[in-house]
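No value in this document is a laboratory result; all are computed from the given coordinates. In this text, all values refer to a predicted model and were calculated from it rather than measured experimentally. In this analysis, Cβ positions are derived from the backbone assuming ideal geometry, glycine residues included, and neighbour counts consider all displayed protein chains.
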Amino acid sequence: MVASRATFAFAAFAPNTFYSVDVIQKWQETAPRGCWRRCAVTLAAEHRGSDADPGVTRRVSYNVHMKLTVFTSARWAVGVATLLALASMIRYPGGTARDPLSTGYSLSHNFLSDLGMTVAYDGQPNTLGALLFALSLSILVFALGACLAGFVPLYSEPPGARQLARAAGVVGILVCAAFIGVAATPENRLMGLHVRLTLLAFRIFPIVTALLAIASLYSNAVAVRVAVAWAGLTAVLVGYVVVLGWGPSLNTPDGLPVQVAAQKIVAIAATSIFVYLSIEADRVLPRGISVSQAKSR
């Protein structure tokens, strides 16, 4: 019979840090359910002492399943989407809405949606670049949509906040669907539908963030800084809606660079704030682990 207490060295978490079996079981019991993926790590545990032979050390191999949240997965997806977007920029042949003869992708005169054109403004094919852009935007939308699905239950503890969070989730589905439509409608083929879907997505996006700002403010699960971040994102999105509707026209000399800059600012701000909020969410969600004995010798 082995001793009732064993210590575990978690090299994967912190070297030379030891946790007792009862601590591990406590983490397992308190782990939140849903929205998890598992990655297995193998852990060696030492059980020292027995009634038959007190000096014998038995090594037991355990499988430890660490539950990583959807927010962690989403951050990795954002990184992949960013790399794909950069690759699409490199592949873009050239041309802008006002200067078809320009070379390559211009950060100040090309919209992000220009990357999705199957034929660039200079008349050159852009099949691979368009595919990379569509894949990048789709991955980004699914990643941020997964975060949204995780935010809704996280902010739903008080009844009042629950209704606001769920309403945000419903509107968020529409936003994600609109952005997927943007990815699937190249400008050079379906410009009218592409523009309408873009305007729809950005006009209702602030509703989602505003609802989550209020819900997180009343939620018992997160700090006030989370609500401040949502409010900041709402302000950025509302500002962009104003620029889209009442900003300088693309037909004016300064209109194109202003509109392009505004689009890139809101894209970077929205993605960065979502990443920050996903980190904040991970801080309040305990990472549960389940331990099962695989073999002993």
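Quick notes on this structure:
- For Leu86, net neighbour charge (Lys/Arg +1, Asp/Glu -1) across residues whose Cβ lies under 15 Å away: +1
- 15 Å reach of a label modelled at Val80, 7 Å along Cα-to-Cβ, counting backbone N of the stretch 142-186: 142-147
- Here Met191 and Leu131 are evaluated by their C-beta separation; at R0 = 30 Å the FRET efficiency comes out at 0.95.
- Amide H to amide H distances under 5 Å link Gly104 with Gly94, Gly95, where only residues 5 or more positions off or on other chains count and H is placed in the peptide plane.
- On the principal axes of its alpha-carbon atoms, the stretch 71-284 has extents of 57, 34, 25 Å, going from largest to smallest.
- Using a cutoff of 8 angstrom between alpha carbon atoms and counting only pairs six or more residues apart, the relative contact order for the stretch 71-284 works out to 21 percent.
- Residue list for the stretch 69-85, given a label point 7 angstrom along the Cα-to-Cβ vector of Leu107 and an amide N cut-off under 20 Å: 79-85
- Projected label points at Ile279 and Ala221, each 7 Å from Cα along the beta carbon direction, are separated by 2.0 nanometres.
- Estimated FRET transfer efficiency when R0 is 30 angstrom, pair Ala167-Ala267 (beta carbons, to 0.05): 0.75
- Local electrostatic count at Ser216 - Lys and Arg +1, Asp and Glu -1, tallied over other residues with Cβ under 14 Å: +2
- Taking only the Cα atoms of the stretch 173-297, the radius of gyration and Dmax are 19.8, 78 Å.
- Under a 5 Å amide H cut-off, with hydrogens placed 1.01 Å from N, Asn126 pairs with Val119, Ala120 among residues at least 5 apart or on other chains.
- Packing rank of 212-220, 187-195, 73-81, where each peptide gets the mean count of other beta carbons within 10 Å, highest leading: 212-220, 73-81, 187-195
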